[in-house]
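These notes are about the structure you will find just below.
The values are calculated or read from the model by the stated rules, or taken from the named source; none is laboratory data. The structure presented is a predicted model; accordingly, all values stated were derived computationally and were not measured. Cβ: placed from backbone, ideal geometry, glycine included. Neighbour counts: every protein chain shown.
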Amino acid sequence: MRTIEIFDTTLRDGEQSPGVNLSLHEKMEIALQLERLGVNRIEAGFAAASPGDLQSIQEIARRVKNSTIVSLSRSVQSDIDKAWEALKNAESACLHVFLATSPIHRKHKLAMTKEQVIENAVAAVKYGKKYFDLVEFSCEDGSRTELPYLMEVVQAVVDAGARIVNIPDTVGYTTPKEYGHIFRELREHVRGIEDVKLSCHCHDDLGMAVANTLAAIEAGATQVEGTINGIGERAGNASLEEVAMALDTRKDVYQAQTRLKLDEIARTSKLVSRLTGMMVPGNKAIVGANAFAHESGIHQDGVLKEVTTYEIIRPERVGFKSNKLVLGKLSGRHAFKDKLTELGYQLEQEELNDAFKRFKDLCDKKKKVTDDDIIALVGSKSNDIPER
Ligand SMILES: [Zn+2]
């Protein structure tokens, strides 16, 4: 069984979702939950993008100890300096430098020749190595790069000391077969690739981000980049919970596992949805409200006789309670607190008392209090960072 490392970019690529703008407190809350979920790396932001981004990476690096903290950086020295400023006190840090390699980007965006791109990439990796032990290099728009040239770039950055090489499908254009082929070719032809982590990063413009990610894993990728709930630029990124559950449910096919605590998935998904304001569609795989609901009579009958007739994953496996707790005026403080935890809240005693009182008031007006009611009830007090 191989182990696949999870690189979460909810706080960087995910935060690039149109309309999403997280405060430092919110980013911290998500980072601490990602650590609890067990992701290997957290891309906490882009240090050179703004002083606010730099500060939040710094704070996250100070608090999170069990995941490596990553900052994105262009292939320029001033960006790398900022990333180091943000990460120098991290328990474990990684610099993530990128440069576009595809003909379209070389010509229209960078106005650089193939040689200049390699020169800049190598210089960035070497400069990064002065500060960082762990440097990841991303060939932006890698999936649309001429394969022989892509191999040259990868060889050059590996020789320069990059320990993770990422081949992003930046625009969500590739197909599983094509993407897998790239990884196989790299593994076959790049010298020293066996000592390097090969990473995939997929966007969902054609709805193939997860399929492409799984194809890369089959072809030898050892790191997966993605986001919770699949949020991100345009149509979003590969959804990490879907990748993790595909590996877990179809071990027989993939022979690979992650170190994620799968039963933290539901809580992480709810927290990210609440803080980013990006609703999870009911029919979304793994974390949608209907993902484990059975509607038709034939299905209900089958599930009551034997759940495996229509259910391939038990809801408890990803942290959902199978028999949904419905709250009402007879519910006590314990059930209320359980529900808050399930929804991703961790309130101080005083705030809990306060919220419980408001909950009781609401119960006098409404017979059945839904999750949405509870979120509305405590949502405004969401700036608390659980202290551990
Ligand atoms: Zn991306």
* Asked: Within the range 23-45, restricting attention to residues that are more than 15 Å from the chain's Cα centre (by Cα) and not polar (S, T, N, Q), which residue is surrounded by the most Cβ atoms within 10 Å (Cβ to Cβ)?
  -> Glu26
* Which listed residue is modelled with pLDDT of 95 or more and either hydrophobic (A, V, I, L, M, F, W, C) or more than 16 Å from the ligand (Cβ to nearest atom) (or both), from Glu43, Glu115 -> Glu115
* Structure fact -> Scanning the range 231-242 for residues that are touching a residue at least 60 places away in the same chain (Cβ under 8 Å) and outside any loop (DSSP other than H, G, I, E, B), the one nearest to the ligand (Cβ to nearest atom) turns out to be Asn237
* Condition test on Ile80, is it surrounded by 18 or more Cβ atoms within 10 Å (Cβ to Cβ), away from the ligand (no atom under 16 Å from the Cβ), farther than 20 Å from Val272 by Cα and of a type in the set (Val, Ile, Thr)? -> yes
* Of residues in the range 216-230 being within 15 Å of the ligand (Cβ to nearest atom) and not in a helix (DSSP H, G or I), the one surrounded by the most Cβ atoms within 10 Å (Cβ to Cβ) -> Gly226
* To do: With the condition kept exactly as written, say whether any residue in the range 154-172 is in a helix (DSSP H, G or I), among the charged types (D, E, K, R) and within 28 Å of Val243 (Cα to Cα).
  => no
* Looking only at the range 3-22, and only at residues there that are within 14 Å of Val243 (Cβ to Cβ) and away from the ligand (no atom under 16 Å from the Cβ), the one that is surrounded by the most Cβ atoms within 10 Å (Cβ to Cβ) -> Ile4
* Asked: Do we find that Asp248 is assigned to a helix (DSSP H, G or I), touching a helix residue (DSSP H, G or I) at 6+ places or on another chain (Cβ under 9 Å), among the acidic types (Asp, Glu) and surrounded by fewer than 19 Cβ atoms within 10 Å (Cβ to Cβ) in this structure?
  -> yes
* To do: Could you identify the single residue in Gly14, Gly52, Gly19 that is touching a residue at least 60 places away in the same chain (Cβ under 8 Å), in the same structural domain as Pro168 (by TED's automatic domain parsing) and more than 13 Å from the chain's Cα centre (by Cα)?
  => Gly19
* Are any of the residues in the range 176-189 in the same structural domain as Arg234 (by TED's automatic domain parsing), farther than 19 Å from Ala219 by Cα and out of contact with any strand residue (DSSP E or B) (no Cβ under 8 Å at 6 or more places or on another chain)? -> no
* Asked: Do we have Glu136 as among the acidic types (Asp, Glu) and crowded, with 24+ Cβ neighbours inside 10 Å here?
  -> yes
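Give Ser143, Ser138 a once-over and let me know the one that is under 13 Å from His96 (Cα atoms), of a type outside the set (A, V, I, L, M) and within 16 Å of the ligand (Cβ to nearest atom).
Ser138
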* To do: Please enumerate the residues belonging to the range 117-128 that are surrounded by fewer than 17 Cβ atoms within 10 Å (Cβ to Cβ) and touching a Gly at 6+ places or on another chain (Cβ under 9 Å).
  => Lys126
* Structure fact -> Glu316 vs (1) closer than 20 Å to Val39 by Cα; (2) surrounded by 18 or more Cβ atoms within 10 Å (Cβ to Cβ); (3) more than 20 Å from the chain's Cα centre (by Cα): all pass except (2)
* To do: Please specify each residue of the range 197-215 satisfying the condition of being away from the ligand (no atom under 14 Å from the Cβ) and more than 24 Å from Met279 (Cβ to Cβ).
  => Lys197, Leu198, Leu214, Ala215
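Residue by residue, here is whether (1) among the aliphatic types (A, V, I, L, M); (2) in contact with a Phe, Trp or Tyr (Cβ under 8 Å, 6 or more places away or on another chain); (3) modelled with pLDDT under 85 holds:
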| site | (1), (2), (3) |
| --- | --- |
| Gly288 | no, no, no |
| His294 | no, yes, yes |
| His299 | no, yes, yes |
| Gly302 | no, yes, yes |
| Gly319 | no, no, no |
| Ser322 | no, yes, yes |
| Leu325 | yes, no, yes |
* Select, from Gly328, Gly332, Gly379, Gly319, the only residue that is on the phi > 0 side of the Ramachandran plot and not aromatic (Phe, Trp, Tyr). => Gly319
* Test Thr213 against the criterion of being closer than 24 Å to Ala156 by Cβ and among the hydroxyl-bearing types (Ser, Thr, Tyr), and give yes or no. => no
* Structure fact -> The strands (runs of 3 or more DSSP E) lying entirely within the range 3-74 that contain at least 2 residues which are of a type in the set (Asp, Glu) are 5-8
* To do: Report yes if some residue within the range 153-165 is within 16 Å of the ligand (Cβ to nearest atom) and either of a type outside the set (Val, Ile, Thr) or in the same structural domain as His96 (by TED's automatic domain parsing) (or both); otherwise report no.
  => yes
* To do: Determine if the range 55-62 includes at least one residue that is buried (at least 22 other Cβ atoms within 10 Å of the Cβ) and within 16 Å of the ligand (Cβ to nearest atom).
  => no
